[in-house]
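Let me begin by presenting the structure, written as structure tokens, before commenting on it.
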Amino acid sequence: MSVKTILTEPNKLLRQISIVVTEVGSVEQKLMNDMLDTMYDANGIGLAAIQIGVPKRIIVMDISKDENKKEPMYFVNPVIKKKNLEKSTYEEGCLSVPNQFAEIDRPSKCEIEYLDYDGKKQLLKAEGLLATCIQHEIDHLEGILFIDYLSKLKKSMIIKKLSKIKPNRIIV
Ligand code: NI
């Protein structure tokens, strides 16, 4: 298990559409382990494989928010089967859009079909934070970031800000 570098916007890779996983084997499981390590290290609650540069339809999440009681979730090839019309609003952030937050409306409930860590087909009925988080992560698989839902002006301001942050800048 190891912590990987998380790509940040602007980066063309984050805009790539991730490819369907044909088999959940040891390579994919190792990837999921690394993704989870990377996510915990960055204090995130969700991470898509593309955020560490791997264009596979794989997501890890842990919305338990409890250091001592980790509840990792793994989603391979997740597909939204149903979503309700009612929306809920959360202030969202993203490990690939550091230090930026915005209120985003998304369907408040959804049903997700996916393969789990062992490659078994599962169906999840999600609501609340879980529903929002999984939809945010599935967006990553389509190359969509939460800032894409904002006005052009707001979005370009955020990207401009992020472009100024040099990855190797140090403050001592
Ligand atoms: Ni994100």
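The values are calculated or read from the model by the stated rules, or taken from the named source; none is laboratory data. Since we're looking at a predicted model, the values are computed, not measured. Here Cβ is always computed from backbone atoms with ideal geometry, including for glycine, and neighbour counts include all displayed protein chains. The area values use the complete protein model at the heavy-atom level, side chains included, leaving out ligands, DNA and RNA. Shrake-Rupley method; radii C 1.70, N 1.55, O 1.52, S 1.80 Å.
Laid out as a table, the results:
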item: Those residues of the stretch 106-130 which are free of Cβ contacts under 8 Å to residues at least 24 places away in the same chain and either within 16 Å of the ligand (Cβ to nearest atom) or more than 25 Å from residue 54 (Cα to Cα) (or both), in sequence order; result: 125, 126, 127
item: The listed residue being open to solvent by 30 Å² or more (accessible area, probe 1.4 Å), free of Cβ contacts under 8 Å to residues at least 24 places away in the same chain and hydrophobic (A, V, I, L, M, F, W, C), out of 80, 144; result: 144
item: Residues (closer than 24 Å to residue 30 by Cβ and open to solvent by 30 Å² or more (accessible area, probe 1.4 Å)) located in the stretch 95-112; result: 95
item: Residue that is farthest from the ligand (Cβ to nearest atom) [pool: residues in the stretch 22-71 that are charged (D, E, K, R) and part of a helix (DSSP H, G or I)]; result: 30
item: Sole exception among (1) open to solvent by 100 Å² or more (accessible area, probe 1.4 Å); (2) modelled with pLDDT of 95 or more for residue 92, by number; result: (1)
item: Residues (open to solvent by 40 Å² or more (accessible area, probe 1.4 Å), touching a strand residue (DSSP E or B) at 6+ places or on another chain (Cβ under 7 Å) and either assigned to a helix (DSSP H, G or I) or among the polar types (S, T, N, Q) (or both)) located in the stretch 2-21; result: 8
item: Restricting the stretch 45-72 to residues that are under 15 Å from residue 119 (Cβ atoms) and of a type outside the set (Val, Ile, Thr), the residue that is surrounded by the fewest Cβ atoms within 10 Å (Cβ to Cβ); result: 56
item: For residue 90: the one exception among (1) within 20 Å of residue 122 (Cβ to Cβ); (2) of a type in the set (Phe, Trp, Tyr); (3) within 16 Å of the ligand (Cβ to nearest atom); result: (1)
